[in-house]
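A short write-up of the structure that comes next.
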Amino acid sequence: MLSERIGFESSARELRLQGSDETMSQDLRAKDEDDLEPEYDFAGGVRGKHFAAYAKGTNVVFLDPDIAAVFKGSAAVNNALRLLLTLAREQVHGKHRVQ
């Protein structure tokens, strides 16, 4: 029976890992500081209102102001794009080709 303790030691040099407080910049602003502009009002907001749509794979598209002035909602934009696709397909297939 062996009663002697056997110790193990690494041959690697000791390397002190830096903690995150030493490597990351700290945000020095006060946590309660409000950086939102006064015109932003989320008082009537609903958290997660569009979550289900985004989970299905919705694409977010930003419209230029002149286009957004014409199309008042996503349904109007979708209808216009579907019409454009239909017209493009007809042109490709020669149904309304101008000669």
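The values are calculated or read from the model by the stated rules, or taken from the named source; none is laboratory data. This is a predicted model, so every value here is computed, not measured. A quick note on method: Cβ atoms are made from the backbone with ideal geometry, for glycine too, and the neighbour counts reach across all protein chains shown.
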Scanning the range 52-74 residue by residue, the ones that are part of a helix (DSSP H, G or I), surrounded by 10 or more Cβ atoms within 10 Å (Cβ to Cβ), at pLDDT 85 or above and of a type in the set (A, V, I, L, M, F, W, C) total 3
Any idea how many residues of the range 47-87 are polar (S, T, N, Q) and under 15 Å from the mean Cα position of the chain (by Cα)? 2
Return a yes/no flag: does the range 31-48 have any residue that is at pLDDT 80 or above and outside any loop (DSSP other than H, G, I, E, B). no
Filter the range 75-87 down to residues that are modelled with pLDDT of 95 or more, among the hydrophobic types (A, V, I, L, M, F, W, C) and surrounded by fewer than 11 Cβ atoms within 10 Å (Cβ to Cβ), then give me how many there are. 3
